[in-house]
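To start, the structure under review is shown below, and the notes come after it.
A short reminder: the numbers here are calculations on the coordinates, not readings from a lab. All of these numbers come straight from a predicted model, not from anything done at the bench. No Cβ is skipped: glycine too gets one built from the backbone with ideal geometry, and neighbour counts run over all protein chains shown.
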Amino acid sequence: MMLELIRDKVNQALVEEFELEPAQMTPEARLKEDLGLDSLDVVDMVIVLESAFDFKIRDKAALAKITTLGDVVDFISVLAETGSGGREVSAV
C-alpha cells in the first residue's frame, strides 16, 4: 500500500509541475524519451520531489541511474523504508 501512495504522490507532483497527462504516468515511462524531460527538467524534478517528500538528495550516482518513472518511485520507496525522510540522503 505504501508503494501505491508514493506512486500517486510522485505522479501528482510531476503532472502538476510539468503539465503532463496522467495517462503518461506509467512505471515504464522514460523520463526523457516518453515524458519529454530534459536535463534541466530533471533538476527541477528532484527539487519538486524533495519538497513533496521532505528530503534532500545529494548522491549524483544514484540520480544518474534513474531513467523511468518506476525508478523514481522505487528510489522514493527505499527512502521511505529506511526512514530517510527529512534528512539529507547521500546513498540508496
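Numbers at a glance
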| quantity | calculated |
| --- | --- |
| Counted charge near E16, where neighbours are those whose Cβ lies closer than 13 Å (Asp, Glu -1; Lys, Arg +1) | -4 |
| CD proxy at 222 nm, helix term only [per DSSP H run n ≥ 4: -39500 (n - 2.57); per residue of the chain; nearest 500] | -17000 deg cm²/dmol |
| Helix 2-18 axis, angle to the chain major axis (alpha carbon atoms, nearest 10°) | 50 |
| Per-residue Cβ neighbour rank within 10 angstrom, fewest leading, T68, T82 | T82, T68 |
